[in-house]
Amino acid sequence: MTKSSDAMRRVVHLRSAGTALILDLRQTGLPTVVHWGADPGPCDEAELEAVAEAAVPPHVINLIDGPVSHSVLPEGHTGWFGIPGLSGSRGGQAWAPRFTVSEAVQEGRRLTVEAADPATALGLRLTVELTGSGLVRLRTAVRNDGNDDCRVDAVSAVLPVPDRAVELLDLTGRWSQERQPQRGPFPVGVHLREGRRGRTGADAATVLVAGTTGFGFRSGEVWAVHTAWSGNHRTWAERTGEGFRTLGGGESLLPGEIVLRPGESYQTPELYFGWADGLDELAARFHRHLRERPGHPRSPRPVNLNVWEAVYFDHDLGKLLTLAERGAAIGVERFVLDDGWFHHRNGPDRGLGDWFVDERTWPGGLHPLVNRVKELGMTFGLWFEPEMISPNSKLAVEHPEWILRARPQLPPASRWQQVLDLAEPEAFTYVLERMSGIIAEYGVGYLKWDHNRDLIEAPGVHRQTLAAYRLMDELRAAFPGLEIESCSSGGARVDLAILEHTDRVWASDCIDPLERQSIQRWTSQLIPLELIGGHVASAVSHTTGRRHDLAFRAITSLFAHFGLELDLTALDDADTASLASWIALYKHYRELLHSGTLVRDEHPSTGRWLTGVVTPELALYSVAAVRRSREEPAGRMTFPGLDPARRYAIRLVGPDRDDLGNPPRWLDSPAVFGGATLATIGVRLPSLLPETAMLVEVAAVP
């Protein structure tokens with residue numbers, strides 16, 4: 001630990017995993033960033049001083065009389081005309097802070113800065129940390145040191161990127177087509193991605209990347225930001241006329257949502273910033289960070305059977321028992337009963353909030369099903385939507401005041417439901433008690449936690465988001481080992497904050513494997529495969545109507561947390577046996593898939609996408625034909641990520657060789673190549689039909 005007197009008035013150099021963050025604290029104001037990016041190696045104090053001096057911009061006429069600079073929390077008095085770090089006032093006054101650092105403490109790779117501004121009567125704590133995987137984690141707390149209330153409208157933090165960052169990439173989407181990439185130049189002005197849906201959103205930026213010209217999966221420098229918050233939020237890239245380029249983010253606050261009384265503080269969500277050579281290395285930094293958490297799932301990720309697309313609301317005990325028995329016979333390890341089990345819930349327009357087992361559908365409770373599931377050696381999971389309420393439910397009739405609203409009239413309905421105000425203590429207690437009772441009675445080990453509508457005209461999104469986190473945490477504390485999946489109309493709540501309280505995200509309600517190739521490809525830019533739910537669906541997709549063979553559906557689902565969501569009673573013996581073999585294959589490779597390094601590539605002219613998980617000893621690659629090729633026969637595909645000094649045997653794992661038509665010669669005999677050869681020269685691929693895939697194992701040989 002560095003004493004505060006040592007950390008103040010000096011240049012601080014934080015280093016980890018090839019990344020460096022150099023901060024200048026020599027002046028009395030908030031720290032400015034000298035460098036964020038590749039680690040230059042050890043620097044002594046004199047060199048750091050010289051680097052900081054070399055980073056000071058020259059004076060430019062018609063700007064302030066002195067160099068224009070900005071801190072990680074930009075302030076207007078420094079000549080900064082971009083998005084301010086802090087917005088708010090005391091009744092229209094005291095809105096332009098000038099913070100002075102009073103203390104700076106460095107503990108390893110973490111720097112904590114205390115600052116205050118007597119004129120606005122505000123205190124500030126800024127925490128900047130370089131994680132073990134090389135991510136910058138940044139958080140701010142603003143404190144009201146005055147005698148009257150202070151309204152906080154926005155607290156935003158930024159890190160600079162260099163002039164060579166000329167392109168932007170982020171993600172967008174909609175229900176059933178989440179996390180689709182969009183790319184363009186880094187313009188002058190602000191590229192702002194703001195989510196006002198009360199949840200992360202299917203259209204969220206997820207990761208906003210700035211990079212050098214033509215950056216790709218394994219080439220080009222990239223700098224990125226992620227706002228770790230499951231409510232309203234902002235993420236942006238800004239380029240000013242003075243030549244500054246920054247990435248930033250923060251919570252998007254509703255008017256009057258944060259009003260600090262004397263002595264109160266507002267704590268921002270965490271921002272994560274990552275630098276890397278290429279998108280794969282950037283993804284690896286996020287993945288390593290998540291895997292290093294103490295609470296990260298360590299046990300093998302079980303094969304799920306979710307029965308939603310098999311039965312929907314038609315909960316027939318006989319059918320469900322048959323599904324459980326057939327699932328267990330082919331290797332399923334967790335049975336999940338989805339929506340429709342609770343009071344009068346035989347359709348989407350009723351029942352939410354009445355968390356009692358429906359006595360008409362389940363006269364004996366869930367025990368006959370749960371007992372059989374556990375006899376078969378599977379654990380039992382159950383669907384809840386705790387943050388929502390049906391207007392015609394018994395709960396809504398008894399407690400209409402628990403419906404979240406900004407006016408006496410209800411907000412517009414969405415999916416026939418409203419939002420339950422979990423920030424209301426009695427509502428929170430009711431939901432906690434009902435969920436706890438069900439979990440305890442039936443020994444529920446897994447919750448599919450849904451959140452199926454945007455928050456429209458909803459005051460207090462900040463409080464609602466924190467209440468949802470707290471509800472999850474209290475349940476997990478009360479039931480050790482309980483796992484929670486974050487589902488939100490599919491993939492509309494995917495962020496690093498929700499993963500502090502859950503164990504998996506449902507990537508999308510669309511499990512068409514062609515759509516999932518893209519959805520999972522870009523979800524994994526932030527989240528490792530073991531935390532992304534991916535299921536084998538019916539031959540004909542329920543959301544798109546497309547038909548796909550089992551191999552394509554299964555190979556796509558392998559590169560996620562594998563599961564099933566189809567009617568097993570509709571399969572013939574051959575398909576059942578084939579599905580069992582894919583489940584066995586997942587179990588064989590899941591340790592690799594959920595601990596190795598993700599690599600991605602694409603063949604630009606043939607429409608083939610490569611997805612792989614690699615260790616020095618073993619790798620598994622999927623090659624998927626996501627569109628018709630403009631060229632046949634297909635060109636060579638390289639296999640990245642291998643140890644260049646090792647030799648590897650490459651073999652087809654699936655589908656059967658005969659299903660590949662006229663395969664290349666290397667499939668006819670054992671083929672051994674050097675790692676460097678596979679990464680730079682590669683091999684010819686079969687002429688895959690559109691919307692099919694092949695699975696290749698690459699194993700090190702002596």
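The values are calculated or read from the model by the stated rules, or taken from the named source; none is laboratory data. Just so we're clear, the structure is a prediction, and the values are computed from it rather than from any experiment. Cβ: placed from backbone, ideal geometry, glycine included. Neighbour counts: every protein chain shown. Quick note on the areas: whole protein, heavy atoms, side chains included, nothing else; ligands and nucleic acids left out. Shrake-Rupley method; radii C 1.70, N 1.55, O 1.52, S 1.80 Å.
For the reader, a short list of remarks on this structure follows.
- Accessible area (Å², per residue) of segment 210-303, counting only protein heavy atoms and a probe of 1.4 Å: 32 Å²
- Per residue accessible area of segment 504-647, 1.4 Å probe, in Å²: 32 Å²
- Each label was represented as a point 7 Å from its Cα along the Cα-to-Cβ direction; for D473 and T615 these points are 3.4 nm apart.
- For the chain, the tally of Lys pairs with Cα-Cα distances below 30 Å comes to 8, considering only residues 8 or more apart or on different chains.
- Size of electric dipole in segment 386-439: Cβ of Lys, Arg +1 and of Asp, Glu -1, about Cα centre, debye, nearest 20: 260 debye
- When the charge dipole of segment 418-530 is built from unit charges on Cβ atoms (+1 for Lys and Arg, -1 for Asp and Glu) and taken about the Cα centre, the candidate among V444, L432, Q517 whose Cα reaches farthest toward its positive end is Q517.
- Shape analysis of segment 558-702 based on the Cα gyration tensor places the equivalent ellipsoid semi-axes at 25, 20, 14 Å, largest first.
- Theoretical gain in end-to-end length, E398 to A413 [0.36 nm per residue, Cα-Cα removed]: 3.5 nm
- Label positions at A141 and R665, each projected 7 Å from the Cα along the C-beta direction, are separated by 6.9 nm.
- Alpha-carbon centroids, segment 100-150 and segment 562-633: separation in whole Å: 46 Å
- Rounded to the nearest 20 debye, the dipole size of segment 444-530 about its Cα centre is 80 debye, using +1 on the Cβ of Lys and Arg and -1 on the Cβ of Asp and Glu.
- Mean ellipticity per residue at 222 nm, deg cm²/dmol - from DSSP H runs of n ≥ 4 across the chain, formula -39500 (n - 2.57): -6000 deg cm²/dmol
- Backbone phi angles across segment 383-392, fed through the Karplus curve with coefficients 6.51, -1.76 and 1.60 (θ = phi - 60°), yield HN-Hα couplings of 8, 9, 10, x, 8, 10, 8, 7, x, 9 Hz in residue order; Gly and Pro are listed as x.
- The H on the amide N of S393, modeled in the peptide plane, is under 5 Å from the matching H of G351, each at least 5 residues off or on a different chain.
- Couplings 3J(HN,Hα) of segment 158-171, computed from phi: 9, 10, x, 10, x, 4, 6, 7, 10, 10, 10, 9, 8, 10 Hz, in residue order, whole Hz [Karplus 6.51 cos²θ - 1.76 cosθ + 1.60, θ = phi - 60°; x for Gly and Pro].
- Sites matching GluC sites (Glu not before Pro) across segment 246-275 that sit in DSSP coil, with at most 14 neighbouring C-beta atoms within 10 Å: E264
- Sites listed here are trypsin sites (Lys or Arg not before Pro) in segment 481-574 whose DSSP assignment is loop and whose Cβ has at most 13 other Cβ atoms within 10 Å: R546.
- Sulfur and carbon atoms: percent of accessible area, the chain [1.4 Å]: 51 percent
- With every protein chain in place and a 1.4 angstrom probe, the accessible-area ranking of Y312, Y589, largest first, reads Y312, Y589.
- For the chain, the square roots of the Cα gyration tensor eigenvalues, ordered a ≥ b ≥ c, give a/c of at least 1.5 with a/b no greater than b/c, which places it in the oblate category.
- Pairs of Cα atoms farther than 15 Å apart, segment 204-243, %: 53 percent
- Only the Cβ atoms of Lys and Arg (+1) and of Asp and Glu (-1) were treated as charged; on that basis the dipole of segment 447-597 about its Cα centre amounts to roughly 260 debye.
- Projecting the Cα atoms of L685, V222, L550 onto the charge dipole of the chain, computed from C-beta unit charges around the Cα centre, puts L685 farthest toward the positive end.
- With R₀ fixed at 30 Å, the C-beta to C-beta distance from A645 to T212 puts the FRET efficiency at about 0.55.
- W308, W36, reordered so the largest accessible area comes first (probe 1.4 Å): W308, W36
- Cut-off under 5 Å, modelled amide H: who pairs with M388 long-range: L420
- Segment 5-30 residues near the modelled I64 label - backbone nitrogen below 15 Å, point 7 Å along Cα→Cβ: 27-30
- In Hz, Karplus ³J(HN,Hα) per residue of segment 179-193 (6.51, -1.76, 1.60; θ = phi - 60°; x = Gly, Pro): 6, 9, x, 9, 9, x, x, 7, x, 6, x, 10, 9, 9, 10
- Working note: Cα gyration tensor of segment 229-373, eigenvalues times five, square-rooted, sorted largest first, giving semi-axes of 45, 25, 15 Å.
- In segment 500-605, the GluC sites (Glu not before Pro) that fall in loop regions by DSSP, at most 10 other Cβ within 10 Å: none
- With Cα atoms defining each centre, segment 275-340 and segment 345-367 are spaced 24 Å apart in the structure.
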